[in-house]
Amino acid sequence: MKAEAAVTNDVVAGIPEHLVFIMGCHRSGTTFLHNLLASTGQFSFLSAYEVICYRELLNNREAGREAEARQALRDKLVSMGGDRGIDQIPFDVNAPEEYGFILPEYDLFKARITPEHLDEFTDILRTKGKLDGLDRPLLLKEPNEFYG
């Protein structure tokens, strides 16, 4: 039993204890709820910067390039219009974003957290824990989970 408990503790090390999933079909108000809850400051969440620049996040932080990378992305987003396009919801580097865009093989109406993607999803959780700490619940949104 003690060896089993140690393995369990190692598996969850560095992952926020409380995960809050927003689930619902596309165009049902999940983005509104996600933005509203994120704006309270009571939750940690994945920002557009963290999703779009996911592969470089920890390196940018460690090398002191995070502000520069955020500004470069901010400039690009502004040049593209500053909103999501499909619904005119403002979109910038700090906007809450869906974790599914980080995972491979994005497919509409298909669940993203599958046995094949569990390691990548766990890595997202650990990365976010390293960036923000573990003191707040992590707010997560991916409409495709609703269909799975």
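Residue count for segment 24-65 under the criterion of being assigned to a helix (DSSP H, G or I) and open to solvent by 40 Å² or more (accessible area, probe 1.4 Å): the result is 14. If you go through segment 41-87 and pick out every residue that is touching a Phe, Trp or Tyr at 6+ places or on another chain (Cβ under 7 Å), free of Cβ contacts under 8 Å to residues at least 24 places away in the same chain and not basic (Lys, Arg), you end up with 2. Only one of (1) on the phi < 0 side of the Ramachandran plot; (2) assigned to a loop (DSSP other than H, G, I, E, B) is not met by residue 68, so which one is it? Of everything listed in (1) on the phi < 0 side of the Ramachandran plot; (2) assigned to a loop (DSSP other than H, G, I, E, B), residue 68 misses just condition (2).
Evaluate the following for residue 105: is it open to solvent by 30 Å² or more (accessible area, probe 1.4 Å) and either modelled with pLDDT under 95 or β-branched (Val, Ile, Thr) (or both)? Spelling it out, residue 105 is indeed open to solvent by 30 Å² or more (accessible area, probe 1.4 Å) and either modelled with pLDDT under 95 or β-branched (Val, Ile, Thr) (or both).
Applying the criterion of being in contact (Cβ under 8 Å) with a residue 40 or more places away in the chain and outside any loop (DSSP other than H, G, I, E, B) to the residues of segment 88-116, the residue that is farthest from residue 67 (Cα to Cα) is 100.
So, of the residues in segment 109-129 that are open to solvent by less than 30 Å² (accessible area, probe 1.4 Å) and of a type in the set (D, E, K, R), which turns out to be nearest to residue 45 (Cα to Cα)? Out of the qualifying residues, it is 128. The residues of segment 130-144 that are open to solvent by 10 Å² or more (accessible area, probe 1.4 Å) and in contact with a Pro (Cβ under 9 Å, 6 or more places away or on another chain), listed by number, are 132, 133, 134, 135, 136, 137. Only one entry of 49, 54 meets the criterion of being within 15 Å of residue 129 (Cα to Cα) and among the hydroxyl-bearing types (Ser, Thr, Tyr), and that entry is 54. Candidates in segment 67-89 are the residues that are open to solvent by less than 90 Å² (accessible area, probe 1.4 Å) and at pLDDT below 90; of these, the one that is farthest from the chain's Cα centre (by Cα) is 81.
A Cβ distance below 6 Å, combined with a sequence gap of six or more or placement on separate chains, defines the contacts here; from segment 131-145, residues that are at negative phi reach residues that are assigned to a strand (DSSP E or B) and among the aromatic types (Phe, Trp, Tyr) in the pairs 139/45; 140/21. When restricted to residues that are assigned to a loop (DSSP other than H, G, I, E, B) and either over 23 Å from residue 58 (Cα atoms) or in contact with a Gly (Cβ under 6 Å, 6 or more places away or on another chain) (or both), segment 117-148 contains 3. Only residues that are closer than 20 Å to residue 146 by Cα, more than 17 Å from the chain's Cα centre (by Cα) and not hydroxyl-bearing (Ser, Thr, Tyr) were counted across segment 27-66, and they come to 2.
The values are calculated or read from the model by the stated rules, or taken from the named source; none is laboratory data. All figures in this text were calculated on a predicted structure; none of them were measured in a lab. Counting neighbours? That spans all protein chains shown, and the Cβs are built from the backbone with ideal geometry, glycine included. When the accessible area is computed, the model is the full protein with side chains, heavy atoms only, and any ligands, DNA or RNA have been set aside. Shrake-Rupley method; radii C 1.70, N 1.55, O 1.52, S 1.80 Å.
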